[in-house]
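Below: the structure, in C-alpha cells.
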Amino acid sequence: MAKSTPGLRKKGQIWHIDKTVAGIKLRESTGETELEAAERYLAKRIQEIRSVVVYGERRDRIFDEAAARFTEENEHKRSLDRDIDTLRAVMPYIGDLALKKIHSASLDRYIRDRKANGISAGTLKRDMAVLRRVFNLCVAMWRDEQGRPWLDTAPLLPSIQGAKRKPRPISVAEQERLIKSMPPYLADMVLFALHTGLRDQEICGLKWEHEAKISGTDESVFIVTEERAKNSHERIVPLNAVARSIVDRYRGQSEYVFHLKGNRLERMNNRAWRKAREAVNLADVRVHDLRHTFGMRLRAAGVSLEDRQDLLGHHAGHITTHYSKAEIARLIECVELLCDGKQQPELTLIRAA
C-alpha cells in the first residue's frame, strides 16, 4: 500500500488537505481521487499561500468566496432570500472564476439560459443589480491581509433588454382552481394574501406577537413593523371576515401565524406553489400577483385610490399605526367589501404590549 503524503488524508474516494502552511490552517478537498494528482494540488495551494503570506502577493479570489461573504454580511437584509436565489443561479457560470477574470461576456450564457427558461427581463435586471453590488463591495469595502481590495475595478455587467413583466391578476374562477390544487397550509396563505395584500415575506414572517387588539371588541389587526416592511414604513393590516377566519384556525400552534409543523416557512414560492399553478395551467402567475389581485379587486369594489394606497402600504409615512376611529373603520370596511361587503363599527387600535 502506497504511503500517503503528510497533510493529505482520504475521505471516501477523495483526498483532503489537513495542513498548516505559513501559519494558515488549510482544510479543504482536493477534488482528486488519485494520490499523485492530490499531491500536485497540495503543492499548488502551498505555493499560493506562501506567495500571499510570505511574499505579500495578492491572492486571486473566486466569485464563490465573494458570494459567501456577501451572504454572511447581509443576514439582516429583508430580500436576502431573493439575493441568494440569484447567487445560486449564477454559480455554475462564474462561481469558480477569479474575480479579476469576470467580465460582461462571462454572463452571456447565464442570460441566454435564463431567458430560455422564461425568466423575465425585470428579474434579470434585478439579478444584475445583486451581482453589481457584490463586485462593488469587492472594490470599495473588502480588503485582504495587506489592506488591498479584493478587486481593483468592478466589471461592467450586461444591460438587459426586454419589456418589464406586467402584473397578472387572477379571476375568482382561477383562484378556486389554484387553491384546490394546493396543500391546505399553502391554500390558506394564498387566500390570506388575496384578502390582505401582504407580500410573500410579510406573510411568512407574520408572528402572533405582531397582533394588536382593537379596543372594545374581540377583533384584532396585525402590524407590519418597519424592519419587515419593504419600504421600512410600519403599517397595520386590517382583517376582513375571511382573513380572520383563516388566522383563527392557526391560533396557539406556533410563534408564526403560518407554519409547517411549527416551523417558519421560508417562502410561498416553493415547490408546492409551482406544482399547483402548473397543474391548473397558471404557470405565468407569481406569488406577487396575489397582491396585484388584491389591489385590483379593491378598485373594482369602488375603494378610493387613497385607501388602496394605505392598504397596500404605498403611502410612505402618510399613515402609521396611530389610527383614528374613523380611519380604522374605513379601512376595515374597505377589505370587508372583498367578502360580501359586510360593514364594521368604528374601532380604535391599541398596540400590543
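The values are calculated or read from the model by the stated rules, or taken from the named source; none is laboratory data. The shown structure was predicted, so the numbers you read here are calculated from the model rather than taken from an experiment. Cβ: placed from backbone, ideal geometry, glycine included. Neighbour counts: every protein chain shown. Ligands, DNA and RNA are excluded from the accessible area calculation, which covers all protein heavy atoms including side chains. Shrake-Rupley method; radii C 1.70, N 1.55, O 1.52, S 1.80 Å.
Laid out as a table, the results:
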| read-out | value |
| --- | --- |
| Residue-wise HN-Hα coupling along region 84-92, computed from phi with Karplus coefficients 6.51, -1.76, 1.60 (Hz; x: Gly, Pro) | 5, 4, 4, 5, 5, 5, 8, 4, x |
| Dipole in debye (nearest 20) - the chain, about Cα centre, beta carbon charges: Lys, Arg +1; Asp, Glu -1 | 1020 debye |
| Region 111-175: C-alpha gyration tensor shape, a/c 1.5 cut-off, then a/b vs b/c | prolate |
| Alpha-carbon Rg/Rh ratio, for region 176-273, with Rh computed the Kirkwood way | 0.95 |
| Under the Karplus curve 6.51 cos²θ - 1.76 cosθ + 1.60, θ = phi - 60°, whole-Hz ³J(HN,Hα) for region 16-23, x wherever Gly or Pro sits | 10, 8, 9, 7, 9, 10, 6, x |
| The chain: angle of helix 35-53 to the longest principal axis, Cα-based, in degrees nearest 10 | 80 degrees |
| Overall form of region 51-133 per C-alpha gyration tensor (a/c, 1.5; a/b vs b/c) | oblate |
| Cα gyration tensor shape of region 237-305, rounded if a/c is under 1.5, else prolate or oblate by comparing a/b with b/c | oblate |
| Mean Cα-pair separation over length for region 25-184, i.e. relative contact order, pairs under 8 Å, 6 or more apart, % | 20 percent |
| For region 10-81, the fraction of alpha-carbon pairs in successive 5 Å shells from zero, as % | 3, 14, 17, 18, 17, 13, 9, 7, 2, 0 |
| Per residue, in Å², the accessible surface of the chain once ligands and nucleic acids are set aside, probe 1.4 Å | 54 Å² |
| Long-range HN-HN contacts of L337 with modeled amide H, under 5 Å | none |
| Region 121-170, relative contact order in percent, only Cα pairs under 8 angstrom and at least six apart counted | 46 percent |
| Hz values of 3J(HN,Hα) by residue in region 215-225 - Karplus curve (6.51, -1.76, 1.60), Gly and Pro given as x | 4, x, 9, 9, 7, 8, 10, 10, 10, 8, 6 |
| 5 angstrom amide H check on E219, placed H, neighbours 5+ away | I214 |
| Nearest-0.05 FRET efficiency for N117 and S245, computed from C-beta distance (R0 41 Å) | 0.60 |
| For V285, residues with placed amide H under 5 Å, excluding near neighbours | none |
| Which of H259, L97, V172, positive extreme of dipole for the chain (C-beta unit charges) | L97 |
| Calculated on alpha-carbon atoms, Rg and Dmax of region 117-252 in Å | 21.5, 65 |
| Two-site label geometry, R9 and A129: point separation in nm, points 7 Å out along Cα→Cβ | 4.7 nm |
| Percent RCO, i.e. relative contact order, over the chain, from Cα pairs under 8 Å lying at least 6 residues apart | 13 percent |
| Rg and Dmax of the chain, Cα atoms only, in Å | 26.2, 86 |
| Student exercise, region 52-146 dipole from Lys, Arg, Asp, Glu Cβ charges, in Debye to nearest 20 | 480 debye |
